[in-house]
1. Stick to Cα atoms and the Kirkwood definition of Rh, then tell me Rg/Rh for region 123-195.
2. Could you pull the Cα extents of region 47-160 along its three principal axes, largest to smallest, in whole Å?
3. Looking only at region 265-287, which residues have a backbone nitrogen under 13 Å from a spot 7 Å from the Cα of GLN212 in the C-beta direction?
4. Figure the gain on full extension for THR229 and ILE60 (residue separation times 0.36 nm, minus the Cα-Cα span) and round it to one decimal in nm.
5. Give the ranking of ARG269, ARG34 by solvent-accessible surface, highest area first, calculated with a 1.4 Å probe.
6. Which are the unpartnered cysteines of the chain, meaning those with no other cysteine Cβ under 4.7 Å from their Cβ?
7. Under a no-solvent Debye model with one identical scatterer per Cα of the chain, what's log10 I(q)/I(0) at q = 0.11, 0.17 Å⁻¹?
8. What is the packing order of peptides 151-157, 224-230, taking the mean over residues of other C-beta atoms within 10 Å and listing the highest first?
Amino acid sequence: MTTWVPLEDLPWFGGEVPLAPGVRITGRTAEELRVEFQPDLEYWLAKEPGTAMHSLAVDIPNGLSLRAAEVVQCFLFSLWVARPTRAHATWRLEKDADHFTGARYFDQFQFNRTDVEDEVNLADFAVSAATLPALAGIYGVGRRLKTALVLSVRGCESIAWQVSLICHGAALEALMTYSTSSGITKRLSKCFACLTETDQAQREIAYQEFMQLYSFRSDLLHGRGFDYTDGDENLRKLSRMQRALRSVWSLILVDPALRVELEREDVGRKAYFQTLCAGFAPPAPAP
């Protein structure tokens, strides 16, 4: 069986792109799918069929050993990690012999207009293809990483910037936390800095950035964000949080050893981060 998913607003102007065995981007348009499925899915025609110029084709079974819906989520998330765009899915159409089915996506990937690219290239799809197996593994048997992935995806699907920022902040915490003791902001900031940077000066910048991001997250979560009234500035805050999250996922998805470390219980994670952060002295607070 093949599942077809029109990819709305995918800024790709090339041809077919293989992503994994049984998973590929094709040149089949939303209009072509509408014509093919018209006799069997008339209810689809009562709605806007879309203007997508490309579709994701997913064979079942496929090389990722995932259901079609999971493959769609993994692909859109992998593309978001590689390069955030306006790409999203609105319909999932399946054809198995003479049986046709369709499903409407109500939870769609959203885009942040302050952090979106107008074109993707083959290098971006190569990143997506390289990270799809790791995402499939997390979906299938992940524990702590799966929790972080769910929070990350839900943040991408939210139409409210506050919800997106909180979910993405929670995802970062799920990826790096190892203790419930006090001092979590400084502890997470140190983990983030040492995970994403190797140079002392760059680590200091990353540390300060995460301190600010966690403060934004805490203001919203604890009801102190009522005075965040500048819409453009709020989206810029969200963009900063999203860049931080993508930077961490981009490391995790290409490093099997790192995935093993981050799936450990708190004791194992603590040992990993203490080794990673050894020798790093966080900058002193601003006066």
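1. Reported Rg/Rh, Kirkwood definition of Rh: 1.03.
2. 43, 35, 30
3. 286
4. Full-extension gain reported as 56.1 nm.
5. Final ranking, largest accessible area leading: ARG34, ARG269.
6. CYS74, CYS156, CYS167, CYS191
7. Taking Cα atoms of the chain as identical point scatterers yields -0.69, -1.37.
8. 151-157, 224-230
The values are calculated or read from the model by the stated rules, or taken from the named source; none is laboratory data. This one's a predicted model, so the numbers in the text were calculated from it and none came from an experiment. Positions of Cβ are backbone-derived with ideal geometry, glycine not excepted, and every protein chain shown enters the neighbour counts. Note: areas computed on protein heavy atoms with side chains; ligands, DNA, RNA excluded. Shrake-Rupley method; radii C 1.70, N 1.55, O 1.52, S 1.80 Å.
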